[in-house]
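The values are calculated or read from the model by the stated rules, or taken from the named source; none is laboratory data. Here the structure is a predicted model, which is why all the values come from computation and not from measurement. Here the Cβ positions follow ideal geometry from the backbone for every residue, glycine too, while neighbour counts run over all protein chains shown.
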Amino acid sequence: MTTSELHRIFLKVIILIIMRTKIYLITLFAVTIGMLWSCDDSVYDHVAQPPQTSEQEELQETTGFKFALGDQLASAIVLSEEQLTSATFSAVKTTSTGKLSEGASIDFSLRLSNTESFENAVDLSSITENGVATITANDLNEAVKTLYGKAPYERDLYLEVLSYIKEGGEKILLPEKSVLGPVKVTPVGPVIETGYYLIGDANEWNFDNLGDYKFSHSGKDVYEDPIFTLLANNIEGNFKIVPKSCKDAGSWDGVLGNPIDQNPALSGELVGGGAMRIEAPGWVKITLNMMEYTYNIEVIGEMNLTLYVAGSHQGWDPGTAPTVYCRNFDFKYDGYVYFDGPHAFKFTSQPNWGGINYGDSGSEGVLTDDGGADNLNVTEAGYYRLNVDLSGSPYTYTAEKTEWGLIGDATEGGWDNSTPMTYDPDTRMWSVSTTLEGGKSFKFRANEAWAINLGGDMDNLSYDGANIDVVESGNYLITLNLNNPKQYKARLMR
């Protein structure tokens, strides 16, 4: 028998085997052909054994799986301190299961985001049992704070679910992911009040003497800006911090101190307990971070925080002159002075001529402390904002004429057009009588522009402060008092 005849016989055998068993044995085919091509004209007497077969494993479907929010996340959750220690929530549940082989199960991987597009997301640990993914209250709380911050406000969240078929030590990712939500969660956050006061040796531990020791704040949402500051002189001794609610109730319950009584450390933790202590005389700056419940004391010592604006507008008497004030202990001074016409003036560090006097250096906007320097001047009447910067070299100042008004959706002009106010040289205040709409807000701004605007606490207005809310609609007399540079104030009267 020739080689070509052997080729034809074995090819027919292979095709017959494939047709009968429907098993595609590429390897056997390749090996067989190789053997045939390598043989010579001798007789081929090898008999092929029947192919081995085994029962095929049952296939698992990758369709037919559906998931939904767990029963607890399907409703709004308000987390509490007690829950953070041990509580768990069902986050995702399987509502429809495709075909699984024996011993296989569903497993989940979760991510949480503050947007449905998941531009910003965090992983959320979970444990899956019986088609339900469970998360801890503490992990959920931390994830919300990572995405939104610590403010205890209700937040909208979205849950991304990656699902797997788990069998033995292997996991197969299902092709489609699910995005569920929004889930509404309110995290546990620190209690931050809108006002804090110092009580201690300086005011004889008397709740009636807190007014001069109120901490300043921007007036913004306290969870966006949790920083409160107090600049005070000669308050050495023991002290504690009084939240506004305690002041209003006249109660010591809730007053904040330190774990160590009479603690002289310049920084530490705020808790109920002992007093903090300042041992250095002079000026200090106390900063409270109410998001972290911590305090910091900056000892400044001796510093002149006030400059007197003496000049021809008031008889060149520093003792009765209007002032500019350094609010932030940064050697930058701010205040307002009314000039009834062209006038000359100087800045002096004392309520007399015995201190340092600042006059015209000869360069525009630049001051000199040369006692013989020329006077500074304004060329026309007006209500001027004066700024002095002694923080570097050279010393500088600005004198900007201002016209004040109201702006906001509570006013007739909305947020686009200011409602002008009128200045009264006798009362030294700006005022306007106008209609305001309840449930909305306004601010004060100068020169129909946002470069100079005041908002926040009506008893202590701050630049770029928060909007001022109007409770009820009606006609109001609104006054703006900028006489005291330590504390700008406003009043609404019906």
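Among the residues here, GLY392 does not qualify as within 25 Å of VAL309 (Cβ to Cβ), in a strand (DSSP E or B) and out of contact with any Leu (no Cβ under 8 Å at 6 or more places or on another chain). When residues in the range 435-482 are screened for being in contact (Cβ under 8 Å) with a residue 60 or more places away in the chain, over 23 Å from TYR196 (Cβ atoms) and crowded, with 17+ Cβ neighbours inside 10 Å, 5 of them pass.
Residues considered: TYR158, TYR153. Of these, the only one that is under 15 Å from MET291 (Cβ atoms) and either assigned to a strand (DSSP E or B) or of a type in the set (Ser, Thr, Tyr) (or both) is TYR153.
For PHE347, the conditions (1) in the same structural domain as LEU230 (by TED's automatic domain parsing); (2) under 25 Å from ASN481 (Cα atoms); (3) aromatic (Phe, Trp, Tyr) all hold with the exception of (1).
Is there a residue in the range 156-169 that is within 18 Å of the chain's Cα centre (by Cα) and within 21 Å of SER75 (Cβ to Cβ)? Taking every residue of the range 156-169 in turn, at least one turns out to be within 18 Å of the chain's Cα centre (by Cα) and within 21 Å of SER75 (Cβ to Cβ). Condition check for GLU302 on (1) closer than 30 Å to LEU480 by Cβ; (2) charged (D, E, K, R); (3) over 31 Å from the mean Cα position of the chain (by Cα): one failure, at (1).
In the range 313-341, the qualifying residues are those that are of a type in the set (Asp, Glu) and more than 18 Å from TYR383 (Cβ to Cβ), and the one that is surrounded by the most Cβ atoms within 10 Å (Cβ to Cβ) is ASP317. Checked against the criterion of being closer than 30 Å to ILE297 by Cβ and either assigned to a loop (DSSP other than H, G, I, E, B) or under 44 Å from the mean Cα position of the chain (by Cα) (or both), the range 373-386 contains not a single residue that satisfies it. Residues to consider are ALA310, ALA344; find the one that is touching a Lys or Arg at 6+ places or on another chain (Cβ under 7 Å) and either buried (at least 19 other Cβ atoms within 10 Å of the Cβ) or in a strand (DSSP E or B) (or both). On inspection, the qualifying residue turns out to be ALA310. Of all residues in the range 329-362, those satisfying the criterion of being β-branched (Val, Ile, Thr) and closer than 17 Å to ASP317 by Cβ are VAL337, THR348. Of the strands (runs of 3 or more DSSP E) that lie entirely inside the range 77-130, those containing 2 or more residues that are more than 20 Å from TYR164 (Cα to Cα) span 88-96. Under the condition of being among the aliphatic types (A, V, I, L, M), out of contact with any Ser or Thr (no Cβ under 8 Å at 6 or more places or on another chain) and in contact (Cβ under 8 Å) with a residue 40 or more places away in the chain, the residues counted in the range 266-300 number 6.
Yes or no, residue by residue, for (1) more than 18 Å from THR411 (Cα to Cα); (2) at pLDDT 95 or above; (3) in a loop (DSSP other than H, G, I, E, B); (4) over 23 Å from the mean Cα position of the chain (by Cα):
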site: ARG445; (1), (2), (3), (4): no, yes, no, yes
site: ALA451; (1), (2), (3), (4): yes, yes, yes, yes
site: LEU454; (1), (2), (3), (4): no, yes, no, no
site: ALA466; (1), (2), (3), (4): no, no, yes, no
site: TYR476; (1), (2), (3), (4): no, yes, no, yes
site: ASN484; (1), (2), (3), (4): yes, yes, yes, yes
site: LYS489; (1), (2), (3), (4): yes, yes, no, yes
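Flag not set for ARG327, criterion: under 42 Å from the mean Cα position of the chain (by Cα), part of a strand (DSSP E or B) and not β-branched (Val, Ile, Thr).
On inspection, GLU160 fails the criterion of being more than 30 Å from MET458 (Cα to Cα), free of Cβ contacts under 8 Å to residues at least 24 places away in the same chain, assigned by TED's automatic domain parsing to the domain that holds GLU82 and out of contact with any His (no Cβ under 9 Å at 6 or more places or on another chain).
Each row is one residue, and each column tells you yes or no for (1) farther than 21 Å from LEU173 by Cβ; (2) surrounded by 15 or more Cβ atoms within 10 Å (Cβ to Cβ); (3) at pLDDT below 95; (4) not assigned by TED's automatic domain parsing to the domain that holds TYR223.
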residue	(1), (2), (3), (4)
THR88	yes, yes, no, yes
THR95	no, no, yes, yes
LEU100	no, yes, yes, yes
SER105	no, yes, yes, yes
LEU124	no, yes, no, yes
THR136	yes, yes, no, yes
ASP139	yes, yes, no, yes
LYS150	yes, yes, yes, yes
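If you check GLU170, GLU279, GLU224, GLU176, which single one turns out to be modelled with pLDDT under 90, on the phi < 0 side of the Ramachandran plot and not assigned by TED's automatic domain parsing to the domain that holds PRO152? So the residue among GLU170, GLU279, GLU224, GLU176 that is modelled with pLDDT under 90, on the phi < 0 side of the Ramachandran plot and not assigned by TED's automatic domain parsing to the domain that holds PRO152 is GLU224.
Screening VAL132, VAL144 for residues that are farther than 30 Å from GLY168 by Cα, crowded, with 16+ Cβ neighbours inside 10 Å and either of a type in the set (A, V, I, L, M, F, W, C) or modelled with pLDDT of 95 or more (or both) leaves exactly one candidate, VAL144. Look through the range 218-249, keep the residues that are over 20 Å from TYR488 (Cα atoms) and polar (S, T, N, Q), and return whichever of them is surrounded by the most Cβ atoms within 10 Å (Cβ to Cβ). Looking at the filtered set, the residue picked out is ASN238.
Name the residue that is farthest from ASN238 (Cα to Cα), counting only residues in the range 202-217 that are in contact (Cβ under 8 Å) with a residue 40 or more places away in the chain and buried (at least 18 other Cβ atoms within 10 Å of the Cβ). Filtering first and then ranking leaves HIS217.
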